[in-house]
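Structure record follows, encoded as structure tokens.
Only the coordinates and a few stated rules stand behind these numbers; no lab work does. As the structure is a computational prediction, the values presented were derived from the model and not from experiment. As a convention, Cβ positions derive from the backbone with ideal geometry for all residues, glycine included, and neighbour counts pool all protein chains shown.
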Amino acid sequence: MEQSNKGVRLDKWLWAARFYKHRKLATEAIQGGRVHLNGQRIKPARTVQQGDEVEVSRGTEVMTVKVLALSDRRGAAPVASQLYEETVESMASREQARQERRFQPDVLAPDHRPSKRDRRKLREFSGKF
């Protein structure tokens with residue numbers, strides 16, 4: 001599972017470390033600016049080295065990890081978790097955000113099902129006729 005000093009493509013490493021289920025999703029996240037390497041926006045083919053810092057944004061969570069090992073093969077979750085170590089600041093900020101979301105009110109659900117007229121309006125609004 002260990003690679004030599006030449007490095008691994010970032011999209012392959014994110015996939016191998018199980019941040020994304022498919023390599024294509026990792027590539028799209030990198031291209032979309034949701035992944036940064038050492039504080040810079042990069043391309044999917046950029047090589048990652050041991051000791052690099054990777055910032056991954058998924059939904060509302062931002063996770064900053066330090067690369068401990070390199071791999072371009074996806075393995076079991078316990079093995080994949082040994083490829084990186086989350087920073088203390090990242091863990092603290094994620095926990096604080098989790099607590100803040102916990103006390104926010106839930107999105108209000110409608111008190112009734114949409115009528116036939118309401119469904120027509122929804123389809124018209126969404127462009128699905």
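Tell me, please, whether a residue that is surrounded by 12 or more Cβ atoms within 10 Å (Cβ to Cβ) and among the aromatic types (Phe, Trp, Tyr) can be found in segment 109-129.
Within segment 109-129, none of the residues are surrounded by 12 or more Cβ atoms within 10 Å (Cβ to Cβ) and among the aromatic types (Phe, Trp, Tyr).
Every residue, every condition in (1) of a type in the set (A, V, I, L, M, F, W, C); (2) without any contact (Cβ under 8 Å) to a residue 40 or more places away in the chain, yes or no:
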| position | (1), (2) |
| --- | --- |
| 12 | no, no |
| 21 | no, yes |
| 42 | yes, yes |
| 55 | no, yes |
| 60 | no, no |
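Tell me the residue from 97, 77, 69 that is farther than 15 Å from residue 11 by Cβ, in contact (Cβ under 8 Å) with a residue 24 or more places away in the chain and in contact with a helix residue (DSSP H, G or I) (Cβ under 7 Å, 6 or more places away or on another chain), please.
Exactly one of 97, 77, 69 is farther than 15 Å from residue 11 by Cβ, in contact (Cβ under 8 Å) with a residue 24 or more places away in the chain and in contact with a helix residue (DSSP H, G or I) (Cβ under 7 Å, 6 or more places away or on another chain), namely 69.
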